[in-house]
Amino acid sequence: MTPSSTGSADRGEALGQSEAFLDFQEQLSRVAPVDRPVLLIGERGTGKELAASRLHYLSRRWQSVFITLNCAALTPSLIESELFGHERGAFTGAQQRRVGRFEAADRGTFFLDEIGAIPLEAQEKILRVVEYGLFERVGSASPVEVDVRIVGATNADLGAMVKKGRFKQDLLDRLAFEVLYLPPLRARQGDIPLLANHFAGCMALELGRETIPTFSRSARKAMENYPWPGNIRELKNVVERSVYRSKSNRLEDIRFDPFESGSLQTVPPPPKSSDPPVPTASEPLSTLPLKSAVEQLQLERLQEGLRLTQFNQRKAAARLGLTYDQLRGLMRKFADRLKT
């Protein structure tokens, strides 16, 4: 959990030519020069740290540091010290002053991954940094002044966390200057072969092989039909494992589950998803309160429009009689329930 000043994500994961991918990159490029906080929302493995790194290097802070912290990797008792530093003697074991991540990120960008895991007490101090650029180290009453751009990331529903009292509304309001949704890999049609070829070539090079591997038709079809619940991270692991295990440069079979025994899988397993099911016609709208019925109808029509246009957002907007911005607004509204 050491600070990073360069961003360690694999740049190859930023490859793509699908409309969903290019649309996200366009939004990222547009907000990068605006010196305000940004929230990145996406499933695990969609490349949130890579997106934050790109945002930093497209901003006016690109010559300064890019500091990262996985908030879920720290206990509540340690996170304040990690964020704000501490003075000598502030607690048992604090034998000398320690600079925290905010101080290390001065004049740069601070990427807070899994921001929903931050305790309320620390959220209060982060809010003060966002509003005034000031904080105190643990065990000190002397303010420290910093100039930091915050980029937060999560796959949690921060709005629901606010309602449950687990996230501060004021902080969410300040962090959500712009909210960007990373598209899951299953919504990026055409990008899976591109990424798979890239990862296969890199793995072959790492293994010292002189020939770039190729995928059989059945292997490509299996990858294109698989739902990729782990997104790009899972695709990279699957491809690298396939190259490593193959005795030839023709990849005929793909093993999606490394724990699967017996023959290799050529048919993808059923989707693994914890997302709540999309409401269906079996739930009559007439039995629901008016607000819930309207929202269910919106969700069903949105889902249908995206499905019929193969998730081409501009075509879906035209089919539903919406502007592109209105469609994006609905997708943000139903991000936790939308099946893509």
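Every number in this text was worked out from the coordinates using simple rules, so none of it is lab data. Bear in mind the structure is a predicted one, so any value in this text is a computation, not a measurement. Neighbour counts run over all protein chains shown; Cβ positions are idealised from the backbone, glycine included.
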Estimated 222 nm signal from helices in the chain, with DSSP H stretches of n ≥ 4 weighted -39500 (n - 2.57), rounded to 500: -12500 deg cm²/dmol
Span-like helix ranges in the chain, DSSP H, alpha carbon extent 15 angstrom or more, Kyte mean at least -1.0: 19-31, 120-132, 191-206, 231-245, 290-308
Cβ charges +1 (Lys, Arg) and -1 (Asp, Glu), total dipole of region 205-244, debye: 140 debye
Radius, Kirkwood style, for region 62-163 when every pair of distinct Cα atoms is counted (Å): 14.0 Å
Pairwise Cα inverse-distance average, inverted: Kirkwood Rh of region 124-248 (Å): 18.6 Å
For region 251-258, 3J(HN,Hα) per residue [Karplus equation, 6.51 cos²θ - 1.76 cosθ + 1.60, θ = phi - 60°, Hz, x = Gly/Pro]: 8, 8, 10, 10, 9, 7, 10, x
Region 186-251 pair-distance distribution - Cα-Cα, 10 Å bins, rounded %: 21, 58, 19, 1
For the chain, built as a Gaussian network whose Cα springs stay under 10 Å, the top-fluctuating residue of 255, 149, 301: 301
Within region 156-254, chymotrypsin sites (Phe, Trp or Tyr not before Pro) in DSSP loop having at most 16 other beta-carbon neighbours inside 10 Å: 177
When the chain is reduced to its Cα atoms, the Kirkwood hydrodynamic radius in Å: 22.3 Å
Taking 309, 46, 287 and counting other C-beta atoms within 10 Å, the order from fewest to most: 287, 309, 46
Dipole magnitude of region 149-228 about its Cα centre (Cβ charges: Lys, Arg +1; Asp, Glu -1), debye to nearest 20: 260 debye
